Amino acid sequence: MKGEFWINLPSKDIEKTRKFYTELGFEMNTAHAAPHMVGMFLGSKKVVLNIFPDVMFKEFIGGAAVTESHESGEVLFSLGADSVEEVDDWASRAEKAGARSFGDPGDKDGWMYGCGFADPDGHRWNILFMNMSKMPK
């Protein structure tokens, strides 16, 4: 456990959140499955992402106010893709799962291709393919 990195987020509707991330195809953390939370792994390094109901999350952060993610930008989670097609696939799955798009799939600066979407709680994600051979030097 030492050296592991975990991300913890709040949710207003944990079942809606569970359904959303399951439909997107995230790898669920079944070893720590519990009805009161959603746990999953991110990327090849298997970073742990846990999502808890707002009231429980508020306890974790010492009673501080929970950010209204739909109204502010708390953080942008970025996941690497291996191809333009993979980015397009993520965008399609996100749309079907009910995500709110804030960046349609497209090119950026001639060497990056990505998309951006928000989950039901407003947490923002971007999927990015970087063609390093075209990166400006």
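Residue-wise test of (1) under 24 Å from residue 71 (Cα atoms); (2) of a type in the set (A, V, I, L, M, F, W, C); (3) without any contact (Cβ under 8 Å) to a residue 12 or more places away in the chain.
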{"residue": "89", "(1), (2), (3)": "no, no, yes"}
{"residue": "102", "(1), (2), (3)": "yes, yes, no"}
{"residue": "105", "(1), (2), (3)": "yes, no, no"}
{"residue": "108", "(1), (2), (3)": "no, no, yes"}
{"residue": "116", "(1), (2), (3)": "yes, no, no"}
{"residue": "121", "(1), (2), (3)": "yes, no, no"}
{"residue": "124", "(1), (2), (3)": "yes, no, no"}
{"residue": "130", "(1), (2), (3)": "no, yes, no"}
Review point. Failed condition for residue 61, given (1) of a type outside the set (Phe, Trp, Tyr); (2) under 18 Å from residue 117 (Cβ atoms); (3) open to solvent by 20 Å² or more (accessible area, probe 1.4 Å), with all others met?
Key: (2)
Exercise for review: Could you check, for region 98-105, whether at least one of its residues is open to solvent by 70 Å² or more (accessible area, probe 1.4 Å), at pLDDT 90 or above and under 30 Å from residue 2 (Cβ atoms)?
Suggested key: no
Check your understanding: Does region 123-137 hold any residues that are among the charged types (D, E, K, R) and in a strand (DSSP E or B), and which are they?
Key -> 124
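Matching residues to (1) over 19 Å from residue 26 (Cβ atoms); (2) touching a Leu at 6+ places or on another chain (Cβ under 6 Å); (3) among the aliphatic types (A, V, I, L, M):
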position	(1), (2), (3)
44	no, no, no
62	yes, no, no
73	yes, no, no
79	no, no, yes
Practice item. Could you tell me which residue of region 116-137 is surrounded by the fewest Cβ atoms within 10 Å (Cβ to Cβ), considering only residues that are in contact with a Cys (Cβ under 9 Å, 6 or more places away or on another chain) and aliphatic (A, V, I, L, M)? Key: 128
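Which ranges mark the helices (runs of 4 or more DSSP H) fully within region 1-118 that have 1 or more residues being aliphatic (A, V, I, L, M) and closer than 24 Å to residue 130 by Cα?
Working: elements: 14-24, 54-60, 84-97.
Qualifying helices (runs of 4 or more DSSP H): 14-24, 84-97.
The values are calculated or read from the model by the stated rules, or taken from the named source; none is laboratory data. Since this is a predicted model, take the numbers as computed values, not measurements. Glycine also receives a Cβ, built like all others from the backbone with ideal geometry; neighbour counts cover every protein chain displayed. Please note that ligands, DNA and RNA were not included when accessible areas were found on the heavy atoms of the full protein model with its side chains. Shrake-Rupley method; radii C 1.70, N 1.55, O 1.52, S 1.80 Å.
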